[in-house]
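Heads up: the structure comes next, in structure tokens.
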Amino acid sequence: MSFQEAVQAVLSKYATFTGRAARPEFWWFMLFVFIVNIITGIVDGMLFDGQVLNTVAMLALIVPQLAVGARRLHDIDRSGWWLLLALVPVVGWIVLIYFNVQPGQPGENRFGPQPVA
């Protein structure tokens, strides 16, 4: 799955919290969010005093980030509720990164068929 395909797939499933997402889909989208964050931060610095564009962009991307995160957890046969670990500083983030780098469960699981990578 290419960068463009991953971003299109996630944005087309904007608020879909069911199903599964393969590692490339998740990580390419996280790279996209990172790039958008950098670009809007630079543009904000040149045009505005505050973080106007950056705030708007991050608010627009929060739902797809949560949705792809839940689908990624489904791929390793974990509930999307594990995303709440992000609220635990440092330790929760490390656990979520560990979960997100794990290979998906082969074949079908309780969340659906294996995603195409």
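No lab work stands behind these numbers, since they all come straight from the coordinates. Quick caveat: nothing in here was measured; it's all calculated off a predicted structure. Using ideal geometry, Cβ is built from the backbone for each residue, glycine included, and neighbour counts are taken over all protein chains shown.
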Inset, instruction - State all residues of the range 54-80 that are touching a helix residue (DSSP H, G or I) at 6+ places or on another chain (Cβ under 9 Å) and closer than 18 Å to Gln105 by Cα; if no residue qualifies, say none. - result: Val68, Gly69, Ala70, Arg71, Arg72, Leu73, His74, Asp75, Ile76, Arg78, Ser79, Gly80
Legend entry - Positions within the range 1-29 being free of Cβ contacts under 8 Å to residues at least 24 places away in the same chain and closer than 16 Å to Leu66 by Cα, in sequence order: Gln8, Ala9, Ser12
Legend entry - Subset tally (residues that are free of Cβ contacts under 8 Å to residues at least 40 places away in the same chain and of a type outside the set (S, T, N, Q)) for the range 61-102: 25
Inset, instruction - Kindly indicate whether Gln51 is free of Cβ contacts under 8 Å to residues at least 60 places away in the same chain, out of contact with any Ser or Thr (no Cβ under 6 Å at 6 or more places or on another chain) and closer than 27 Å to Arg110 by Cβ. - result: no
